[in-house]
Amino acid sequence: MLIPTKNVRAGDCLGTDAFHPSGLLVLSAGTLLSAADIEKLQRLGIDKVDIVPPDGEAPPPATAAAAEAYSFSSEPKEAAREKAVIAAYQEAVDGIKITFEQALEEGFISPEQVARGFNPLAGRVHEEKDVVSLLLVLNNRDDYTYQHSVQVGMISYYIAKWMGQTEEEALLAGRAGYLHDIGKCRIDRGILQKPSRLTAEEYDEIKKHTVFGYDILKRSGFPEEITMAALQHHERFDGSGYPLKLRREAIHPMAKIVAVADIYSAMISTRVYQKKRDLLYVLRELYRCSFGELDPEITQVFIRHMIPNFINKKIQLLTGEIGTIVMTNPSDFFRPLVNFDGEFVDLSERRDLEVEHIFV
């Protein structure tokens with residue numbers, strides 16, 4: 001029975017899997033929903049869920065103790081912090097929208113406007129630990145190009161920090177990610193917003209955004225790190241990228257960071273033609289790309305710092321068994337130590353067991 005999430009009560013049972021609008025699995029069928037689960041569904045923009053009919057008896061309401069135990073946002077400080085992050089994110093989205101409009105109308109953009117749009121967000125998110133959940137909370141169906149720009153800026157900022165760069169260097173990486181697609185302001189919106197696969201001619205038109213972006217940023221006086229990120233973020237280590245088919249060391253270091261952020265954001269973002277995918281699939285695909293397409297060091301630094309976000313999250317095997325991730329394995333990213341009702345299983349030693357879903 002499909003009902004609005006706002007009408008769901010603690011104790012209700014999911015009849016089918018609940019997916020984030022991007023296609024990532026959030027909660028599996030059969031889950032008895034807690035107050036925290038319901039809050040998560042609402043926070044992630046999941047408006048309706050399938051609930052098993054209660055056989056004539058209303059499910060018991062959540063107790064105050066359960067709500068307090070399960071829902072972190074019931075704590076005023078945590079809720080206020082989350083609201084501040086969401087507000088800063090929206091300001092950054094609004095800021096990049098203005099920047100796109102200025103670039104199209106005037107042919108250049110203001111570095112001060114860019115700093116005003118991005119820096120407050122970086123200041124809010126730099127201490128966030130659960131980056132996986134944060135990005136899903138902030139992701140929705142509206143304004144894909146603008147939201148993608150902000151997300152790539154955030155992820156580029158995180159990658160730079162995780163690589164040991166200074167705050168100033170990380171902010172530079174964040175701004176490079178924030179502006180990497182600015183050249184799309186010159187691409188026909190009908191092509192950008194097309195809900196189906198692009199034709200070869202449309203794809204050739206899209207590829208021009210890298211050169212357009214470089215020209216706009218160069219004219220606006222941005223440093224080389226930012227202009228090269230716009231020009232080269234679609235270059236690939238094996239020479240299969242564009243616009244110049246550069247290889248390995250010929251690709252600017254900043255473009256290598258933004259390339260990883262760009263692919264991850266694109267894969268978790270909501271687009272009509274994307275099939276439903278588990279987050280594990282996304283990270284495995286990035287890992288595969290680190291052997292030939294993306295900088296292996298940068299990609300694996302990113303994955304190593306994302307994987308610990310899965311500790312204490314539920315995991316489902318292909319056999320249907322569900323457990324809780326206790327510890328990640330630094331030598332085998334996708335095979336953690338899992339607690340199955342008191343039985344601890346190291347998946348790196350059980351090659352016969354395969355992970356199907358991670359519930360974020």
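Each value in this text was obtained by applying a stated rule to the coordinates, not by laboratory testing. These numbers come from a predicted model, not from an experiment. As a convention, Cβ positions derive from the backbone with ideal geometry for all residues, glycine included, and neighbour counts pool all protein chains shown.
The order of the peptides 229-236, 322-329 by mean Cβ neighbours within 10 Å, most packed first, is 229-236, 322-329.
Across the range 138-212, the convex hull enclosing all Cα atoms gives 106 Å³ per residue. The label point for TRP162 and the one for SER240, both projected 7 Å from the Cα toward the Cβ, are 2.3 nm apart. Among the trypsin sites (Lys or Arg not before Pro) found in the range 310-360, those both in a DSSP coil and sparsely packed, with 13 or fewer other Cβ atoms within 10 Å of their Cβ, are ARG350, ARG351. Rounded to the nearest Hz, the phi-derived 3J(HN,Hα) couplings of the range 336-352 under the Karplus curve 6.51 cos²θ - 1.76 cosθ + 1.60 (θ = phi - 60°) are x, 8, 10, 9, 9, 6, x, 9, 8, 10, 8, 5, 5, 9, 10, 5, 7, where x marks glycine and proline. When you filter the chymotrypsin sites (Phe, Trp or Tyr not before Pro) in the range 278-311 for DSSP loop state and at most 11 other Cβ atoms inside 10 Å of their Cβ, you are left with PHE291.
FRET efficiency for LYS194 and GLU285, Cβ-Cβ distance as r, R0 = 35 Å, nearest 0.05? Intermediate values should be presented prior to the final figure.
Numbers: r = 23 Å, r/R0 = 0.65.
Once the sixth-power term is evaluated, E becomes 0.95.
Does the range 248-340 come out rounded, prolate or oblate, given a ≥ b ≥ c as the square roots of the eigenvalues of its C-alpha gyration tensor, rounded meaning a/c under 1.5 and, failing that, prolate meaning a/b above b/c?
Oblate is the answer for the range 248-340, as a/c is 1.5 or above yet b/c matches or exceeds a/b.
Compute the FRET efficiency between LEU2 and ASP143 as 1/(1 + (r/R0)^6), taking r as their Cβ-Cβ distance and R0 = 35 Å, and round to the nearest 0.05.
0.80
Were the residues from ILE86 through HIS305 laid out at 0.36 nm apart, the gain over their Cα-Cα distance would be 76.6 nm. Length available on full extension from ASN312 to GLU249: 0.36 nm per residue minus the Cα-Cα distance, which gives 18.8 nm. A simple packing score, the average count of other Cβ atoms within 10 Å per residue, orders the peptides 169-175, 85-91 as 169-175, 85-91, with the highest score first. As a quick test, which of the pairs LYS48/LYS313; LYS208/LYS256; LYS6/LYS184 have an alpha carbon distance above 30 angstrom in this structure? Those over the limit are LYS6/LYS184.
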